[in-house]
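Structure record follows, encoded as structure tokens.
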Amino acid sequence: MKLSEIYEDRAIASNVMPKISFEVFPPKGGEDEFPALYQELNLLKKYNPALVSLTWGAGGKNNNSMELVKSLLLDLNLNVMAHFTCICNSKENVEKHIKEIESLGIENVLALRGDEPQDIDVCHKDFRYANELVTFIKSKTDLSIAVAGYPEGHIEAPDLKTDIDNLKRKVDCGAEAIYTQLFFDNDMYYSYVEKVRKQGIEIPIIPGIMPVISCKQVERMTSMAKVLVPVKMREKLEKFRDCPEDMKKFGIEYASIQCSKLIDFGVCGLHFYTLNKAYSTSHILDNVMSVV
Ligand code: FAD
């Protein structure tokens, strides 16, 4: 099912359960670790995900992405959205893969720039920004294309307005949905949606939710991206720094409240950064579904 069909009710009424999607990444240990991922995804299947998106390692380090795409589709019968990145990816390579996934019956891709790797000798420069990749995929296939959005602005952008202008380029090139960077303060998302809509962008903006599981994870994310950690959350993170079970519990509670408020706001989708684990995401969904 294509993105436009999945999110056809963009102006969904508040308090209606939105479409659920899960993001996973190819396990670092390669094929040996695929069964563990399948087990987690089988646990998440009961939430009837509209799609499961699979990341693409920047710099050509795609760690069996294509093998996994096939397997998620054919063995797990999931609606897979494959990610593609510009960085170090040649036109030939992208064309080969998008044609392959289209021939498998996959309908959606997420087009990204990716981040520059430090340790790659040969790096193709065929695409500089994600909008160029959107244009290329559009010219070669009938795939529906999603792109990334940053409620707090992309880390390299001089300001949020410039970043939204650049988001508009991706939409004008044919993107059909925006999946956001994670955020911990819903006000960032609400104000982003308002600004993006003022720019004339009408496509769905699906909020990205990442359940907190450790301080290390939050510190890593906030070093790579502009993500505000609210003071009250920061205090709890410190409190539970050395108590993994309490930290997980806090992460579930926090994200459950975030999701409930987003549902009240009327989002048409919720995209979970699962970190390849079902535990936190399934607890959040149980909490949220019990009140919707
Ligand atoms: P772009 O849209 O190209 O933007 C990058 C920067 O350039 C921004 O500052 C933007 O304002 C600016 N810009 C954009 N277009 C132009 C232009 N035409 N002229 C001048 N400036 C411009 N990374 C991976 O490696 N693999 C993944 O699978 C992956 N999945 C992701 C999924 C989601 C939902 C999100 C939010 C991010 C994901 N990322 C992934 C991370 C992403 O690759 C990085 O955030 C990257 O730094 C930016 O990618 P982008 O597609 O947003 O880039």
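The values are calculated or read from the model by the stated rules, or taken from the named source; none is laboratory data. Values in this document were obtained by computation on a predicted structure and should not be read as measured data. Heads up, the Cβs are rebuilt from the backbone with ideal geometry, glycines too, and the neighbour counts pull from every protein chain shown. What goes into the accessible areas is simple: the full protein's heavy atoms, side chains included, and nothing from ligands, DNA or RNA. Shrake-Rupley method; radii C 1.70, N 1.55, O 1.52, S 1.80 Å.
Would a scan of region 116-125 turn up a residue that is β-branched (Val, Ile, Thr) and touching a residue at least 60 places away in the same chain (Cβ under 8 Å)?
Yes, the conditions are met somewhere in region 116-125.
Could you check region 149-174 and list, in sequence order, the residues that are within 10 Å of the ligand (Cβ to nearest atom), among the aliphatic types (A, V, I, L, M) and touching a strand residue (DSSP E or B) at 6+ places or on another chain (Cβ under 8 Å)?
The one that is within 10 Å of the ligand (Cβ to nearest atom), among the aliphatic types (A, V, I, L, M) and touching a strand residue (DSSP E or B) at 6+ places or on another chain (Cβ under 8 Å): Leu167.
Scan region 126-148 and tell me whether some residue there is open to solvent by 10 Å² or more (accessible area, probe 1.4 Å), within 18 Å of Ala82 (Cα to Cα), among the charged types (D, E, K, R) and within 11 Å of the ligand (Cβ to nearest atom).
Yes, region 126-148 contains a residue that is open to solvent by 10 Å² or more (accessible area, probe 1.4 Å), within 18 Å of Ala82 (Cα to Cα), among the charged types (D, E, K, R) and within 11 Å of the ligand (Cβ to nearest atom).
Within region 208-217, can you find the residues that are open to solvent by less than 10 Å² (accessible area, probe 1.4 Å) and within 13 Å of the ligand (Cβ to nearest atom)?
Gly208, Ile209
Is it the case that some residue within region 225-239 is within 15 Å of the ligand (Cβ to nearest atom) and not β-branched (Val, Ile, Thr)?
Yes, because at least one residue in region 225-239 is within 15 Å of the ligand (Cβ to nearest atom) and not β-branched (Val, Ile, Thr).
Give just the number: which of (1) more than 17 Å from the chain's Cα centre (by Cα); (2) more than 16 Å from the ligand (Cβ to nearest atom) does Cys123 not satisfy?
(2)
If the Cβ limit is 6 Å and pairs must be 6+ apart or interchain, which residue in region 161-178 that is more than 8 Å from Asn131 (Cα to Cα) pairs with which residue that is in a helix (DSSP H, G or I) and open to solvent by 20 Å² or more (accessible area, probe 1.4 Å)?
Every condition considered, the pairs that remain are Ile164/Lys195; Gly174/Lys138; Glu176/Ser4.
Could you say which residue among Lys161, Lys170 is open to solvent by 20 Å² or more (accessible area, probe 1.4 Å) and under 19 Å from Lys2 (Cβ atoms)?
Lys170
So, in region 8-44, how many residues would count as being among the hydroxyl-bearing types (Ser, Thr, Tyr), at pLDDT 95 or above and either over 19 Å from Asp264 (Cα atoms) or part of a loop (DSSP other than H, G, I, E, B) (or both)?
Matching residues across region 8-44 total 1.
Considering only residues that are of a type in the set (S, T, N, Q) and open to solvent by 20 Å² or more (accessible area, probe 1.4 Å), which ones fall in region 218-265?
Thr222, Ser223, Ser260
Quickly run through region 247-278 and pick out the residues that are under 22 Å from Cys215 (Cβ atoms) and among the hydroxyl-bearing types (Ser, Thr, Tyr).
Tyr254, Ser256, Tyr273, Thr274, listed by residue number.
Sort out which residues of region 270-282 are out of contact with any Ser or Thr (no Cβ under 7 Å at 6 or more places or on another chain) and touching a residue at least 40 places away in the same chain (Cβ under 8 Å), and write them in order of number.
Selection gives Leu270, Tyr273, Leu275, Asn276, Lys277, Ala278, Ser280, Ser282.
In the set Leu44, Leu74, which member is open to solvent by 60 Å² or more (accessible area, probe 1.4 Å) and over 26 Å from Thr135 (Cα atoms)?
The conditions single out Leu74.
Based on what the data block shows, is Lys96 free of Cβ contacts under 8 Å to residues at least 40 places away in the same chain and basic (Lys, Arg)?
yes
Out of the residues in region 75-104 that are assigned to a helix (DSSP H, G or I) and closer than 23 Å to Pro49 by Cα, state the one that is farthest from the ligand (Cβ to nearest atom).
Only one residue fits best here, namely Ser103.
Identify, by number, the condition in (1) modelled with pLDDT of 95 or more; (2) part of a helix (DSSP H, G or I); (3) touching a His at 6+ places or on another chain (Cβ under 7 Å) that Leu72 doesn't meet.
So Leu72 meets the others, but not (3).
Starting from residues that are more than 10 Å from the ligand (Cβ to nearest atom) and open to solvent by 20 Å² or more (accessible area, probe 1.4 Å), keep the ones in region 175-191 and report whichever is nearest to Ile145 (Cα to Cα).
Step by step, filter region 175-191, then rank; the result is Glu176.
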